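Below: the structure, in structure tokens.
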Amino acid sequence: NWCHPYPVETHGSKSFKTHEISEGAVAFRVDAFRAVGGYPDSFFISHEGADLAWRLIGAGHEVWYRPEIALRHAEATAGRPSWRRYYYDTRNVLWLAVRNFPRGYGLRRVARQTSAMLIYAARDGYLRHWFRGCWDGLKGLRAELANRRVPEQAALREIRAIESNRPSFVYYARRRLFRRKVRI
């Protein structure tokens, strides 16, 4: 599940700094992981790696994608209902933004990601779960606001430099939007 702001076709076999962590296959310096509080319990699944990455960068650490490091992760499909991405991706991007992002960046990212999830949910027949994710995300904002830690300017400059590699909207539309037929 590629989450980095680089095209997978050109960067999948390269090492690079990132502001995302793929949640199932990672290695940490334990002291850094513990110092920033580890994964947020409230997220459960989806965007907890991004939340952790932003806190690590904010604390002065670097996050790297390293394809030469191989980790084994046993996927438990029994606990993964088909609707989970539409609900958790939608809910948790709201919480990720309120916990970590400067306001303007957070509003843009929430608008982009919730709109994309709305399109995917409509395409795949999971609109009900998208709406529930929005509702539960909004209900939980106050609790997540208590954990707000926007990185300092130096860390934000580093994040902006990483983000400048993000492919265009057209790239994502070609790659993701037209994979399946729309079902409503």
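Descriptive notes on the structure:
- R0 of 41 Å, Cβ-Cβ distance Glu9-Arg29: FRET efficiency to nearest 0.05: 0.85
- In the frame of its principal axes, the stretch 19-178 has Cα extents of 42, 37, 34 Å, reported largest first.
- With each label modelled as a point 7 angstrom along the Cα→C-beta vector, the Ser82-Arg174 pair spans 3.0 nm.
- Entry comment: accessible area of the chain is 61 Å² per residue, from protein heavy atoms only and a probe of 1.4 Å.
- Of Phe33, Phe44, Phe101, the one that fluctuates the most in a GNM where the chain has Cα springs shorter than 10 Å: Phe44
- Heavy-atom accessible surface of the chain: percent carbon and sulfur, 1.4 Å: 55 percent
- A full extension of the chain between Ala146 and Glu163 corresponds to an added length of 3.5 nm, given 0.36 nm per residue minus the alpha carbon distance.
- Once the GluC sites (Glu not before Pro) in DSSP loops with at most 13 neighbouring Cβ atoms within 10 Å are cut out of the chain, the longest remaining piece is 76-151.
- Length-normalised contact order for the chain - Cα pairs under 8 Å, 6+ apart - percent: 27 percent
The values are calculated or read from the model by the stated rules, or taken from the named source; none is laboratory data. Bear in mind that the values here come from a model prediction, so they are computed numbers and not experimental data. Note: ideal-geometry Cβ built from the backbone for every residue, glycine included; neighbour counts use all protein chains shown. Ligands, DNA and RNA are stripped out before the accessible areas are found, and what is left, the full protein with its side chains, is counted by its heavy atoms. Shrake-Rupley method; radii C 1.70, N 1.55, O 1.52, S 1.80 Å.
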